[in-house]
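The values are calculated or read from the model by the stated rules, or taken from the named source; none is laboratory data. Please read these numbers as outputs of a predicted model, since none were measured by experiment. Counting neighbours? That spans all protein chains shown, and the Cβs are built from the backbone with ideal geometry, glycine included.
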Amino acid sequence: MTSVLATAKALPKEACASSERPVLRQRGQREVFCGLTGIIWLHRKIQDAFFLVVGSRTCAHLIQSAAGVMIFAEPRFATAILDERDLAGLADANEELDRVVGRLLERRPDIRMLFLVGSCPSEVIKLDLSRAAERLSVQHTPRVRILNYSGSGIETTFTQGEDACLAALVPELPSCESSTPRLLVAGALADIVEDQFGRIFAELGIDDVSFLPPRKSGDLPAVGPGTRVLLAQPFLTDTAARLQERGCEILTAQFPYGVEGTTAWLATAAELWNIPRDRFDEVIAPAAARARKALDAHKFRLSGKRVFFFPDSQLEIPLARFLHEELGMFPVEVGTPYLNRQQMALDLDKLPSETLVSEGQDVERQLDRCREAKPDLIVCGLGLANPLEAEGFTTKWSIELLFTPVQGFEQAGDLAELFTRPLLRRTRLEV
Amino acid sequence: MQLTVWTYEGPPHIGAMRIANSMQGLHYVLHAPQGDTYADLLFTMIERNNVRPPVTYTTFQARDLGSDTAELFKSSALAAYERFRPEAMIVGASCTAELIQDDPGGLAKALGLDCPVIPLELPAYQKKENWGAAETFYQLVRAFAGTRAPAPGAARPARAAGDRARCNILGPTSLGFRHRDDVTEIQRLLADLKIDVNVVAPQGARPGDLTRLPDADFNVVLYPEVAQNAANWLKRTFGQPFTTTIPIGVTATRDFVKEVCDLAGIDSQTYLASERSRLPWYSRSIDSTYLTGKRVFIFGDATHAMAAARVASIELGFKVVGLGTYSREFARDVRQAAVQYGVEALITDDYLEVEQAVRELHPELVLGTQMERHIAKRLGVPCAVISAPIHVQDFPARYAPQMGFEGANVLFDTWVHPLMMGLEEHLLQMFRDDFEFHDGAGPSHLGGHGGAREAQSGADDIAAEIAATTPAPLATPGSTDTVVLERPAVAAADEVGGWATEAEQELRKIPFFVRGKARRNTERYAADRGIKNITIETLYDAKAHYSR
């Protein structure tokens with residue numbers, strides 16, 4: 001019998017690919033979250049924003065369950081659950097939506113920005129949330145700004161929800177016609193990471209730095225022809241395109257994981273600002289040294305180990321780059337829900353040529369490949385982790401990579417530790 | 001359109017998944033968009049199952065909508081059949097797939113698979129999880145037991161003399177609240193009564209086992225939310241009677257034993273005479289006196305809420321001040337039960353409405369779901385969990401049934417332990433200025449290193465979560481102000497009249513765990529009478545007014 005791995009590797013090279021690397025694409029069950037899941041961290045990031053999903057009971061149940069833990073205080077998200085009457089007449093659905101938004105804003109006078117978030121059912125019945133947002137904005141201006149985006153599973157996978165949310169923010173950003181270079185870091189980061197990067201940029205002499213999304217909806221950064229965008233997250237395809245339309249220049253950089261990734265990411269901006277390499281090295285030296293030391297503590301546990309990524313968050317390729325280049329792991333397969341070759345180019349180039357890169361998923365066949373490859377560590381979603389552990393594999397659940405501050409020098413050790421811990425745990429347990 | 005912060009139940013296809021995951025040899029092909037696979041984690045993470053649920057999703061995307069989602073369903077169903085070779089399949093649609101009207105049942109039939117395929121119609125925009133579970137179970141029972149239906153009106157053959165009575169146990173499912181241990185407990189009880197168990201379903205049953213259901217003399221319905229429809233049909237079709245008592249608590253278990261013995265045609269007295277529950281004595285022992293009249297608020301699925309009210313009221317001597325359910329299908333039963341306790345039933349699936357009710361009723365104990373646990377935590381009220389929706393904590397490693405005599409022991413412990421013990425309550429009252437006994441101090445059995453009680457700022461939900469899990473800095477001995485337990489009711493005081501300094505000082509002598517209630521009651525008393533300035537007199541007038 002031909003090995004499934006061998007079959008997968010004997011892939012035809014794609015004619016149009018910018019990179020030489022073949023990519024496996026299979027169609028089958030995709031074991032991924034939809035874009036609504038992003039609300040779990042976005043509602044914490046933008047502190048005066050509220051996310052109202054217009055969807056079904058499934059949507060509400062997903063957000064509640066996907067957080068892994070349930071936080072039962074009144075959060076800054078909710079679901080307007082569609083019922084039969086809403087399906088019967090769209091006019092009524094719009095009226096109902098207005099009523100629900102009214103009730104919500106009455107309850108939460110602290111809200112300054114409201115996102116109407118589209119879902120699978122709202123898209124299928126063609127409930128036009130952009131028109132609803134316009135209509136409601138008129139009603140509730142100037143107190144609340146009302147925007148919309150889609151987090152539906154038919155349009156988005158997991159982190160694409162954040163992409164859609166930030167893309168919806170772009171038209172709202174004030175204009176700045178000055179061509180003086182200014183830096184915009186796009187992608188939600190933990191506040192602590194954002195502050196660390198802010199300090200490094202300031203020390204480098206890059207003064208005009210802003211972050212998208214902002215912590216307060218009123219602090220939207222201005223953009224224009226002078227704006228250079230450094231992507232902090234590898235899943236911002238639409239956001240980048242919208243920013244480009246506003247005249248911004250999107251920088252191609254490695255993503256800021258580990259020492260090498262963070263150095264390369266910061267250097268991309270530093271070069272553009274003509275900061276001498278000596279000065280750059282001097283500024284990052286203390287933090288980079290700390291990070292190297294932190295990584296050394298993990299290297300001996302991870303080096304030579306084989307890792308398999310199931311598609312989840314689009315962080316897979318830069319993370320595989322980090323584990324390979326900085327910790328000596330070998331990525332057997334790196335699955336990603338969607339591959340943006342342009343943004344991933346620099347990280348992708350650093351993966352070994354033997355590594356199978358796959359886009360999309362047929363989870364059953366991917367599990368077959370994974371079992372055959374017998375990796376030392378599997379990075380996968382919550383639905384797969386325990387069953388794979390029960391089969392004897394060691395797993396790292398991928399959602400934690402998004403909920404934990406992992407970017408930058410000071411977090412490099414923490415990031416490595418997320419991969420070390422499951423391996424270490426196996427060696428400790430005697431039951 | 002309903003504004004929902006948290007939901008007590010998932011959509012109906014989650015109910016169908018619970019049935020599929022409960023059984024062996026059954027596979028569910030679900031027409032659903034990408035993202036609906038989140039549901040797998042309910043089983044693999046929350047219930048800690050070591051295999052994936054037997055569910056294949058079509059995970060269609062926008063681009064499939066333009067082409068052929070029906071074809072996608074067929075290829076997914078075929079691939080699932082070939083890979084898993086199930087004994088039977090159930091097929092259906094999730095909420096989004098329902099809108100595109102591909103008819104999974106018809107499509108699956110057209111495939112001509114070599115196994116029974118049962119189509120499910122679960123209206124996602126009308127119904128919810130438990131209804132979906134009940135409907136799925138009913139359809140499966142009909143499909144597999146229906147082949148054995150006798151001619152209408154045919155009399156049920158009598159059991160041969162000397163044969164032991166046989167029953168089925170219906171209702172336990174995956175993701176059920178303590179179903180795993182309840183089934184064990186009830187099986188032990190039935191074994192002690194010398195009644196044989198024919199089939200337990202859906203938990204652990206194969207599709208073929210459902211065909212054997214009619215062989216039993218009667219059915220034991222443990223969870224009507226799941227098994228009522230199937231039991232009704234079995235009664236209509238095969239003349240199989242079923243039990244209606246839910247054996248939660250000592251008195252209900254006694255009634256259940258009698259009901260089962262009557263159905264089996266055997267004597268119950270010998271067994272009941274040797275009953276071994278500790279609850280009756282524990283409840284009668286004098287240290288339990290302090291439980292008398294404790295105000296308890298109860299909310300959960302209908303079965304557990306009604307059972308809890310009975311146990312709370314006549315087995316522990318609590319006073320039921322609120323009773324409610326999110327199970328609308330059983331609203332009538334819960335309303336009827338509530339009448340016995342002199343309260344109006346709260347029938348709602350709106351979490352905010354439940355929170356409001358708890359606030360208004362000032363219970364001393366909340367018996368609810370994980371959601372009420374969080375409400376209670378925020379309000380500083382003790383709480384025990386009695387019902388789904390489930391949480392990882394509801395699958396304890398130890399044996400902890402809710403049903404039967406052992407279940408009654410478990411109830412006594414879990415409901416009584418969150419409460420302040422009787423003598424402890426008095427000591428706190430008498431010596432409230434003891435430096436280790438103040439509001440900010442952690443429990444003394446933690447050697448002074450226990451966390452302080454949760455700050456009730458209410459300002460930030462995450463902060464509250466963190467406060468509950470992170471040990472707070474150790475309070476300085478003697479400083480009683482380190483933790484604000486009750487937000488000063490500034491607004492109320494402004495409208496009604498403020499607290500005189502002496503009254504405020506007197507209020508502080510009241511133990512912290514009842515101080516909030518004393519403050520609210522006094523303010524309400526003052527407001528009702530238009531009293532502008534709350535004095536010590538007002539405080540004690542209010543105390544007398546509200547004392548029971």
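Of the listed requirements (1) polar (S, T, N, Q); (2) surrounded by fewer than 18 Cβ atoms within 10 Å (Cβ to Cβ); (3) in contact with a strand residue (DSSP E or B) (Cβ under 9 Å, 6 or more places away or on another chain), A:Thr157 misses just one: (2). When A:Ser217 is tested against (1) of a type outside the set (A, V, I, L, M, F, W, C); (2) at pLDDT below 95; (3) surrounded by fewer than 21 Cβ atoms within 10 Å (Cβ to Cβ); (4) touching an Asp or Glu at 6+ places or on another chain (Cβ under 7 Å), exactly one condition is not met: (3). Considering segment B:246-265, and only residues there that are part of a helix (DSSP H, G or I) and small (Gly, Ala, Ser), the residue that is surrounded by the most Cβ atoms within 10 Å (Cβ to Cβ) turns out to be B:Ala252. Selection of strands (runs of 3 or more DSSP E) fully inside segment A:340-415 by the criterion of at least 1 residues being more than 19 Å from A:Val32 (Cβ to Cβ) returns A:377-380. Taken over segment B:389-406, residues that are of a type in the set (A, V, I, L, M, F, W, C), within 13 Å of chain A (Cβ to nearest Cβ) and under 15 Å from the mean Cα position of the chain (by Cα) amount to 3. Of the numbered criteria (1) part of a helix (DSSP H, G or I); (2) more than 7 Å from chain B (Cβ to nearest Cβ); (3) within 30 Å of B:Ile46 (Cα to Cα); (4) modelled with pLDDT of 95 or more, the one A:Trp41 fails is (4).
Residues of segment A:117-140 that are within 12 Å of chain B (Cβ to nearest Cβ) and of a type outside the set (Gly, Ala, Ser): A:Cys120, A:Pro121, A:Glu123, A:Val124, A:Ile125, A:Lys126, A:Leu127.
When segment B:95-129 is filtered for residues that are under 16 Å from B:Ala143 (Cα atoms), within 35 Å of the chain's Cα centre (by Cα) and assigned to a loop (DSSP other than H, G, I, E, B), the ones remaining, listed by number, are B:Pro116, B:Leu120, B:Glu121.
Within segment A:283-309, being farther than 16 Å from A:Thr420 by Cβ, aliphatic (A, V, I, L, M) and surrounded by 17 or more Cβ atoms within 10 Å (Cβ to Cβ) holds for A:Val283, A:Ile284, A:Ala287, A:Ala288.
In the set A:Ala73, A:Ala67, only one residue is farther than 18 Å from A:Glu155 by Cβ, more than 8 Å from chain B (Cβ to nearest Cβ) and at pLDDT below 90; that residue is A:Ala67. Among residues of segment B:525-548 that are exposed (fewer than 12 other Cβ atoms within 10 Å of the Cβ), those with a Cβ under 6 angstrom from a residue that is modelled with pLDDT under 90 and not polar (S, T, N, Q), sequence gap 6+ or separate chain, pair up as B:Lys532/B:Gly497. Counting the residues of segment A:340-358 that are surrounded by fewer than 21 Cβ atoms within 10 Å (Cβ to Cβ) and closer than 16 Å to A:Ser313 by Cα gives 2. Comparison of B:Gln187, B:Gln228 shows that the only residue that is among the polar types (S, T, N, Q) and free of Cβ contacts under 8 Å to residues at least 40 places away in the same chain is B:Gln187. Looking across segment A:44-64 at every residue that is assigned to a helix (DSSP H, G or I) and touching a strand residue (DSSP E or B) at 6+ places or on another chain (Cβ under 6 Å), the one that is farthest from the other protein chains (Cβ to nearest Cβ) is identified as A:Cys59.
The residues in segment A:114-154 that are in contact with a Phe, Trp or Tyr (Cβ under 7 Å, 6 or more places away or on another chain) and basic (Lys, Arg) can be counted, and the count is 0. Considering only residues that are closer than 24 Å to B:Cys115 by Cβ, in a loop (DSSP other than H, G, I, E, B) and among the charged types (D, E, K, R), which ones fall in segment B:204-245? Result: B:Arg206, B:Arg212. Comparison of B:Val366, B:Val334, B:Val311 shows that the only residue that is within 14 Å of chain A (Cβ to nearest Cβ), crowded, with 22+ Cβ neighbours inside 10 Å, within 27 Å of B:Arg254 (Cα to Cα) and modelled with pLDDT of 95 or more is B:Val366. Scan segment A:93-115 residue by residue and report those that are facing another protein chain (nearest Cβ under 7 Å) and either among the aromatic types (Phe, Trp, Tyr) or under 14 Å from A:Asn148 (Cα atoms) (or both). Listed by number, the list holds a single entry, A:Leu97.
Among residues of segment B:278-296 being farther than 16 Å from B:Ala312 by Cβ and part of a loop (DSSP other than H, G, I, E, B), the one that is nearest to the chain's Cα centre (by Cα) is B:Arg278. Within segment A:79-92, the only residue that satisfies the criterion of being more than 7 Å from chain B (Cβ to nearest Cβ) and either surrounded by 20 or more Cβ atoms within 10 Å (Cβ to Cβ) or not in a helix (DSSP H, G or I) (or both) is A:Gly89.
One line per residue, one yes/no per condition, for (1) free of Cβ contacts under 8 Å to residues at least 40 places away in the same chain; (2) among the aromatic types (Phe, Trp, Tyr):
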| residue | (1), (2) |
| --- | --- |
| B:Ile390 | no, no |
| B:Arg398 | yes, no |
| B:Phe405 | no, yes |
| B:Leu411 | no, no |
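Among the candidates B:Leu113, B:Leu72, the residue that is of a type outside the set (Lys, Arg) and facing chain A (nearest Cβ under 9 Å) is uniquely B:Leu72. Scanning segment A:182-196 for residues that are within 12 Å of A:Ser210 (Cα to Cα) and not hydrophobic (A, V, I, L, M, F, W, C) gives A:Arg182, A:Gly187, A:Glu194, A:Asp195. Please go through segment A:377-393 and give me each residue that is buried (at least 19 other Cβ atoms within 10 Å of the Cβ) and farther than 21 Å from A:Asp296 by Cβ, ordered by number. Correct list: A:Ile378, A:Val379, A:Cys380, A:Gly381, A:Leu382, A:Gly383, A:Leu384, A:Ala385, A:Asn386, A:Pro387, A:Leu388, A:Phe393. When residues in segment B:130-147 are screened for being of a type in the set (A, V, I, L, M, F, W, C), in contact with a strand residue (DSSP E or B) (Cβ under 9 Å, 6 or more places away or on another chain) and either within 22 Å of B:Glu9 (Cβ to Cβ) or assigned to a loop (DSSP other than H, G, I, E, B) (or both), 3 of them pass. Residues being at pLDDT below 95, surrounded by 23 or more Cβ atoms within 10 Å (Cβ to Cβ) and more than 7 Å from chain B (Cβ to nearest Cβ) are entirely absent from segment A:19-26. Residue count for segment B:214-244 satisfying the condition of being surrounded by fewer than 21 Cβ atoms within 10 Å (Cβ to Cβ), touching a helix residue (DSSP H, G or I) at 6+ places or on another chain (Cβ under 8 Å) and closer than 15 Å to B:Ile195 by Cβ: 1. If you check B:Arg52, B:Arg63 for being on the phi < 0 side of the Ramachandran plot, charged (D, E, K, R) and more than 7 Å from chain A (Cβ to nearest Cβ), only one passes: B:Arg63.
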